[in-house]
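The values are calculated or read from the model by the stated rules, or taken from the named source; none is laboratory data. Because the structure is a prediction, the values reported are computed rather than measured. Glycine gets a Cβ as well: all are built from the backbone with ideal geometry, and neighbour counts include every protein chain shown. These area figures cover heavy atoms from the full protein model, side chains too; ligands, DNA and RNA do not enter into them. Shrake-Rupley method; radii C 1.70, N 1.55, O 1.52, S 1.80 Å.
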Amino acid sequence: MFRIEYPHLDMRKIADSGQIFRFNIYEDEFSLVAGDKLLFIKEDGDGYILSCSEEEFNDFWLDYFDLRLDYKEYEKNIPKSDLFLIKATEYSYGIRILNQDKWEMLISFIISQRKSIPAIKSSVEKLSKVYGKKIDMQVPGFIKNIDPDTEFYSFPTPEALANASIDELNACSLGYRSPYIEATSKAVFRKDIELEELSKLNDTELLAALMSLKGVGIKVANCVALFGYHRIAAFPIDVWIKRMIDEHYDGEFPLELYEGYAGVIQQYIFYYGRESVKHSSN
DNA sequence: TGCCAGGTATAGG
DNA sequence: CCTATACATGGC
């Protein structure tokens with residue numbers, strides 16, 4: 001167990017920000033599966049109690065939650081006249097761009113196309129349950145809201161998915177994406193493409209390399225770059241972002257104001273846009 | 001119940 | 001280069 005307290009870190013918002021699909025909320029507690037790691041979190045005043053040791057936190061989770069960067073820097077160029085973005089940024093205070101696993105982001109965002117976030121989460125869980133490994137870790141005693149019998153599964157390896165049949169993949173509600181997952185898994189497993197090696201490429205080259213894979217277009221490539229490679233200049237445009245840009249910027253967002261980190265701004269707009277619709281529709 | 005979802009591949013112009 | 005269309009299926 002280890003307690004942390006940082007400015008600009010809100011687990012609830014991050015869990016619900018659409019950049020991660022295996023971060024679940026149980027009132028004031030959370031479960032988070034990242035690759036083959038499992039973390040339990042409990043709100044504790046202005047901080048959080050984590051199920052990991054201080055050493056594991058420093059070795060892995062500190063960078064995972066992107067806690068070395070000062071997010072105030074990303075807000076300084078927002079014009080005072082841009083009331084929408086000022087509001088979106090305030091509303092999103094505490095969201096950080098996580099450093100997630102490249103392979104997991106690639107598969108998760110191929111699945112994400114034309115699916116709602118709950119449906120994406122459901123598909124990723126099914127895939128993990130079928131092709132991942134049961135994580136050997138007890139729900140710790142300080143976690144009260146999660147059934148101790150709950151089983152958690154790691155995200156499947158490229159090998160596991162490359163060896164799956166189309167019929168088996170179909171059982172995970174992938175729909176027409178099953179052949180994409182199959183082709184991409186095989187390409188990664190055969191090392192036709194090496195995801196770690198792509199880190200050496202610049203942003204443009206990285207997007208092009210990712211888009212050579214079946215089922216990866218410009219939007220998915222940008223999400224993988226942003227959330228898997230921490231290319232915070234990447235600016236994925238999905239239906240929500242397009243809607244916000246059309247409504248508040250007359251169809252053209254001033255990217256040049258946020259050079260090098262527009263992806264962070266994108267995430268604020270996405271979160272604020274979705275949450276405001278969520279709350280106005282009931 | 002019918003509509004829509006963190007889009008992409010493909011064909012046709 | 002651009003635009004139009006098909007695509008499987010769950011969640012609400």
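Could you state how much accessible area A:T157 has, in square angstrom rounded to the nearest 10, with a 1.4 Å probe and all protein chains kept in place?
Accessible area of A:T157: about 80 Å².
Taking a probe of 1.4 angstrom, what is the accessible area of A:M105 in Å², to the nearest 10?
Its heavy atoms expose roughly 0 Å² to the probe.
When the Cα centres of region A:28-71 and region A:162-198 are compared, how far apart do they sit, in Å?
First find each Cα centre; the distance between them is then 29 Å.
Let me cross-check A:K186: its accessible surface, 1.4 Å probe, with only protein heavy atoms counted, in Å² to the nearest 10?
70 Å²
Got a sec? Charge dipole of chain A, +1 on Cβ for Lys and Arg, -1 for Asp and Glu; which of A:C223, A:F30, A:S51 is way out at the positive end?
Farthest towards the positive end: A:C223.
For chain A, what is the charge dipole size about the Cα centre, in debye to the nearest 20, if Lys and Arg each add +1 at the Cβ and Asp and Glu each add -1 at the Cβ?
Value, rounded to 20: 840 debye.
What do you get for GluC sites (Glu not before Pro) in region A:229-282 restricted to DSSP loop and a cutoff of at most 16 other Cβ within 10 Å of the site's Cβ?
In loop regions of region A:229-282 (DSSP not H, G, I, E or B), the sparsely surrounded GluC sites (Glu not before Pro) are A:E252, A:E259.
Hey, which of these cross-link pairs are over 20 Å Cα-Cα: A:K42/A:K134; A:K102/A:K133; A:K121/A:K242; A:K115/A:K214; A:K121/A:K144; A:K42/A:K87?
A:K42/A:K134; A:K121/A:K242; A:K121/A:K144; A:K42/A:K87
Tell me the per residue accessible area of chain A using a 1.4 Å probe; a whole number in Å² is fine.
Using a 1.4 Å probe on heavy atoms only, each residue of chain A averages 48 Å².
Sorting A:L106, A:L69 by accessible area (1.4 Å probe), largest first, what list results?
Heavy-atom accessible area, descending, gives A:L69, A:L106.
Which value in deg cm²/dmol, rounded to the nearest 500, describes the helix-derived mean residue ellipticity at 222 nm for chain A, given -39,500 (n - 2.57) per DSSP H run of n ≥ 4 and division by the residue count?
-11500 deg cm²/dmol
With only Lys, Arg, Asp and Glu charged, each at its Cβ (+1 for the first two, -1 for the last two), find how big the charge dipole of region A:21-118 is about the Cα centre; round to the nearest 20 debye.
Computed charge dipole of region A:21-118: roughly 740 debye.
Of all the accessible heavy-atom surface of region A:124-216, with the other protein chains kept in place and a 1.4 Å probe, what percent is carbon and sulfur?
50 percent
Leaving out ligands, DNA and RNA, what percent of the accessible area of region A:1-71 is carbon and sulfur, probe 1.4 Å?
With neighbouring chains kept in place, the figure for region A:1-71 is 43 percent.
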